[in-house]
Amino acid sequence: MILQHYGHNFLVLVQLHPDNSFPANLKNELQTHCRADFIIPGSGQATDVRLRLTGIPVGAAIRVYNRVFGNDAIVSRGDGAGGVCTRSVSPFDGRTLNGEIDLILIDPLGLRRPDGTVTVPTDPKLFFDLMINLTNGTGKRLFGALMLPIQAPISFATPTTSNVLQPLTKKELVILQSSGSTIQPFPLLMSPVLKFPEFNIDTKW
């Protein structure tokens, strides 16, 4: 149990329950079964990325924010992408869930300079935060600091239903705090720019 403060001497005793909506090892499964690929552009150098999330709950609302690393250890969130997972794939050993979705991230590494030139790193990696919100209202979870190597460019047609959650703003993200064995949403990210050491948001603190 915890006491939550709602202003002017108003305290409410809240009973917390363990969140069993997600597999305990889901983050590791995502790191293993998801992939990122550059997308072959109509012309010029590839900068956009197809992020294929495999092993997520079917029917869940998904929101991804790519991390942008700036000067002075400043980490900000890019525009990212979002959608609803409606596709299932065949079960696979070592993977608990079978939902899959493709999202398109527009130049998530910030490779295109204002003058139009592009320099691609020799070992590009995509760092991102992933919010999964179950549509049945049983739970939601923010998985922080996921990393995938970005593979060689592929041909990829934009789905007609891609990024249906794009209008969501950065202010609608939440940092997750824990009390005991329960993770609770905590509306803390009111700015798109964060400055923090490396840590995994989804872990129980």
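What number of residues within region 113-126 satisfy the criterion of being within 17 Å of the chain's Cα centre (by Cα) and surrounded by fewer than 18 Cβ atoms within 10 Å (Cβ to Cβ)?
First, pick out the residues of region 113-126 that are within 17 Å of the chain's Cα centre (by Cα): 125-126.
Applying the additional criterion that residues be surrounded by fewer than 18 Cβ atoms within 10 Å (Cβ to Cβ) yields 125.
Residues meeting the conditions: 1.
State whether one or more residues within region 135-149 are assigned to a loop (DSSP other than H, G, I, E, B), within 23 Å of residue 57 (Cα to Cα) and without any contact (Cβ under 8 Å) to a residue 60 or more places away in the chain.
The answer is yes; a qualifying residue exists.
Collect the residues in region 30-55 that are under 16 Å from residue 144 (Cβ atoms) and either among the aliphatic types (A, V, I, L, M) or open to solvent by less than 30 Å² (accessible area, probe 1.4 Å) (or both), keeping them in residue-number order.
Answer for region 30-55, where residues must be under 16 Å from residue 144 (Cβ atoms) and either among the aliphatic types (A, V, I, L, M) or open to solvent by less than 30 Å² (accessible area, probe 1.4 Å) (or both): 30, 34, 51, 53.
Could you look through region 87-107, keep only residues that are in contact (Cβ under 8 Å) with a residue 60 or more places away in the chain and in a loop (DSSP other than H, G, I, E, B), and pick out the one that is farthest from residue 22 (Cα to Cα)?
107
Which residue out of 193, 164 is at pLDDT below 50, open to solvent by 40 Å² or more (accessible area, probe 1.4 Å) and within 19 Å of residue 53 (Cα to Cα)?
Testing whether each residue is at pLDDT below 50, open to solvent by 40 Å² or more (accessible area, probe 1.4 Å) and within 19 Å of residue 53 (Cα to Cα) leaves just 164.
Against the condition of a type in the set (Ser, Thr, Tyr) and modelled with pLDDT under 95, how does residue 88 come out, does it pass? Full working, then the answer.
Details: of a type in the set (Ser, Thr, Tyr): yes; modelled with pLDDT under 95: no.
Answer is no for this residue.
Among the residues of region 74-112, how many are of a type in the set (D, E, K, R) and open to solvent by less than 50 Å² (accessible area, probe 1.4 Å)?
So the count comes out to 5.
Which residue is modelled with the lowest pLDDT, if the candidates are limited to region 56-72 and must be open to solvent by 20 Å² or more (accessible area, probe 1.4 Å) and assigned to a strand (DSSP E or B)?
Restricting to residues being open to solvent by 20 Å² or more (accessible area, probe 1.4 Å) and assigned to a strand (DSSP E or B), the top hit is 69.
The values are calculated or read from the model by the stated rules, or taken from the named source; none is laboratory data. This is a predicted model, so every value here is computed, not measured. Neighbour counts are summed over all protein chains in view; Cβ atoms, including those assigned to glycine, are modelled from backbone coordinates with ideal geometry. To get the accessible areas, we keep the full protein, side chains included, count just its heavy atoms, and leave off ligands, DNA and RNA. Shrake-Rupley method; radii C 1.70, N 1.55, O 1.52, S 1.80 Å.
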